[in-house]
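Every number in this text was worked out from the coordinates using simple rules, so none of it is lab data. If you're wondering where the values come from, they're calculated on a predicted model, not measured in any experiment. Here Cβ is always computed from backbone atoms with ideal geometry, including for glycine, and neighbour counts include all displayed protein chains.
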Amino acid sequence: MSTSDYKKEAHKAQVKLQEISQTMCLAKWNQVSFHLPTGLTNSCYHPPLHKIDAEAIKTNPAALHNTAEKLDQRFKMLQGERPDGCSYCWKLEDTGELSDRHYRSGEPWAMQDFEAIKQNPMTTSWTPRYVEVNFNHACNFKCSYCSPQFSTTWGKETERYGEFPTTPPHNAPEHFQGRRRPIPNREDNPYVNAFWKWWPTLYKNLKHFRMTGGEPMMDRNTYKVFQYIIDHPKQDLHLNITSNMCPPDPKLKAKYFNMLQTICMQEKVEHVMQFVSVDSWAKQAEYIRHGLNFEKMWQNVDEFLERIPYRNSVTFIITYNNLSVVGLRQLLEGILRLRQKHSKDYQRVWFDIPLLRQPVWQQITMLPEAYQEIHKDNIEYMRKNSGEDNGLHIFKDFEIQKMLRNLAYWQKNADANPLLKKNFYAFFNEHDRRRNTNFLNVFPEMEEFWIECKNA
């Protein structure tokens with residue numbers, strides 16, 4: 001689908017949704033993210049996570065998705081109200097842009113159930129078509145914007161050093177105790193148990209299934225899913241996995257690659273999308289995502305594309321934060337080189353660039369206006385390397401549009417609050433102390449901003 005077609009489908013969805021209400025979003029019904037170590041869920045990555053009812057799932061595993069909070073959000077949308085948790089889309093729409101509400105609702109997996117949702121919108125047993133699941137928070141990284149909720153390595157650091165000296169304190173140990181403590185993989189997890197009870201029903205309905213983490217290569221449930229798919233082929237399924245592609249044990253990579261090779265080469269699914277989390281280039285990427293060996297990751301991506309040349313692609317997920325901006329050009333250039341090498345018959349290398357929302361002192365919106373010029377220069381670079389000729393090896397229009405949407409959001413929500421600057425310096429100064437890093441050695445281009453934050 002070309003970018004123009006992609007935007008056309010979003011416009012069509014905008015008009016279609018108005019048949020139900022001005023604030024309708026099909027993703028609230030047909031999409032779900034599960035964070036099973038903590039028993040939390042949301043409809044997509046924009047709204048805050050909320051608790052799954054542990055009692056309800058004992059008799060009704062579909063309650064993993066059809067929570068009381070989601071039912072309330074659905075009701076508000078049906079009434080034309082704007083649920084607070086969906087503020088990202090409302091803010092973007094207020095700039096005059098289409099939001100993810102329109103783009104997601106315009107996807108075939110969402111729109112195919114439009115009439116069924118319209119006829120029975122408040123059912124408590126709705127089965128989604130697009131599912132993301134985090135089975136386990138085991139992870140060998142401690143990314144700057146992450147937490148013990150999603151990383152065991154972060155948890156160990158917090159146990160050793162305590163909270164970060166921000167206002168309010170960041171990743172305080174007590175925040176991850178009691179009910180908020182992620183359930184370790186070795187312990188019985190009622191949310192994971194409910195998921196596997198629901199899985200045969202869920203699987204029949206699925207169009208997109210995505211595993212996140214933690215790090216999926218380190219989770220036994222990942223391989224349980226792979227084996228189920230090998231034993232029960234589903235040729236209309238898009239299987240998606242988000243990985244750091246830098247596992248601590250080479251045996252894990254071997255097992256992971258071998259099973260995906262079977263799935264792809266034996267046509268067990270329609271397509272496998274390997275999402276790769278990386279936010280900048282080389283040393284700057286390693287600083288943001290502590291634990292990353294950038295060269296090793298890049299080699300593993302290249303090996304994946306070489307070794308399994310059929311029914312799969314790679315998408316780089318760039319969680320766009322204020323440390324991503326200065327190194328983004330090099331990453332874009334690297335992506336273009338991979339396209340030129342591996343995209344022969346179809347596009348096998350993609351990227352997405354969602355905006356980081358939390359913590360607020362790592363958002364791009366707190367950066368001085370001069371950094372917007374860097375972003376604009378990157379858009380121009382993409383435009384110069386776009387067009388219809390040799391379309392597999394260029395930037396796509398929808399990728400440029402995403403960059404433009406991020407710019408519009410940035411300009412609309414720019415925030416020079418001194419507290420953000422204080423917290424930025426407090427966090428990364430402590431980050432350097434704990435992790436034996438040096439911000440200015442890695443980001444010399446940001447020295448002026450660093451001093452400004454230090455003196456805020």
Seminar exercise, completed: Here segment 52-63 yields Karplus 3J(HN,Hα) values (6.51, -1.76, 1.60; θ = phi - 60°; whole Hz; Gly and Pro given as x) of 7, 6, 5, 6, 4, 6, 5, 10, 9, x, 5, 5
Exercise. So what is log10(I(q)/I(0)) for segment 122-217 at q = 0.13, 0.15, 0.17 1/Å, when the Debye sum runs over its Cα atoms only?
Worked result: -0.57, -0.72, -0.85
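Given the rule -39500 (n - 2.57) for each run of at least 4 DSSP H residues, summed and divided by the residues of the chain, what is its mean residue ellipticity at 222 nm, to the nearest 500 deg cm²/dmol?
Computed mean residue ellipticity for the chain: -13500 deg cm²/dmol.
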Exercise. Taking segment 171-321, how much of its Cα-Cα pair set, in percent, is spaced more than 21 angstrom apart?
Worked result: 51 percent
Problem set entry | Dipole moment magnitude, nearest 20 debye, the chain about Cα centre, only Lys, Arg, Asp, Glu C-beta charged | 860 debye
Exercise. Counting only residues 5 or more places away or on other chains, whose amide H sits under 5 Å from the amide H of Val349 once H atoms are built in the peptide plane?
Worked result: Val314
Exercise. Using the 10 angstrom Cβ neighbour count as an exposure proxy, how do Arg101, Arg186 rank, fewest first?
Worked result: Arg186, Arg101
Exercise. According to the square roots a ≥ b ≥ c of the eigenvalues of the Cα gyration tensor, what is the shape class of segment 378-445, taking rounded for a/c under 1.5, prolate for a/b larger than b/c otherwise, and oblate for the remainder?
Worked result: oblate
Exercise. Between His290 and residues 5 or more places away or on another chain, which pairs have amide H atoms under 5 Å apart, with H built 1.01 Å from N, and which residues are they?
Worked result: Lys142, Cys143, Ser144
Problem set entry | Under 19 Å from the Cα of Lys251 - lysines, other chains or at least 8 residues apart | Lys224, Lys296
For this session: Stick to Cα atoms and the Kirkwood definition of Rh, then tell me Rg/Rh for segment 60-193.
Result: 1.04
Problem set entry | Check: segment 3-132 dipole with +1 on Lys, Arg Cβ and -1 on Asp, Glu Cβ, in debye | 100 debye
Seminar exercise, completed: For Lys422, counting only lysines whose alpha-carbon sits under 20 Å away and dropping same-chain residues fewer than eight positions off, the answer is Lys454
For this session: Quick one, can you get me the convex hull of the C-alpha atoms of segment 314-456 expressed as volume per residue in Å³?
Result: 114 Å³
Problem set entry | Distribution of pairwise C-alpha distances over segment 3-132, 10 Å bins, in % | 13, 46, 33, 8, 1
Problem set entry | Nonlocal amide H pairs with Val276, under 5 Å, H built at 1.01 Å | Ser243, Thr315, Phe316, Ile317
Problem set entry | Where no second cysteine Cβ lies under 4.7 Å, the cysteines concerned in the chain | Cys25, Cys44, Cys86, Cys89, Cys139, Cys246, Cys264, Cys453
Problem set entry | Distance violations [Cα-Cα > 32 Å] among Lys7/Lys283; Lys197/Lys396; Lys204/Lys384; Lys142/Lys344; Lys91/Lys421; Lys253/Lys421 | Lys7/Lys283; Lys197/Lys396; Lys204/Lys384; Lys142/Lys344; Lys253/Lys421
Exercise. Which label belongs to the value computed from this structure, given these candidates for Kirkwood radius over Cα pairs in Å: (i) 28.6; (ii) 25.3; (iii) 23.0?
Worked result: (iii)
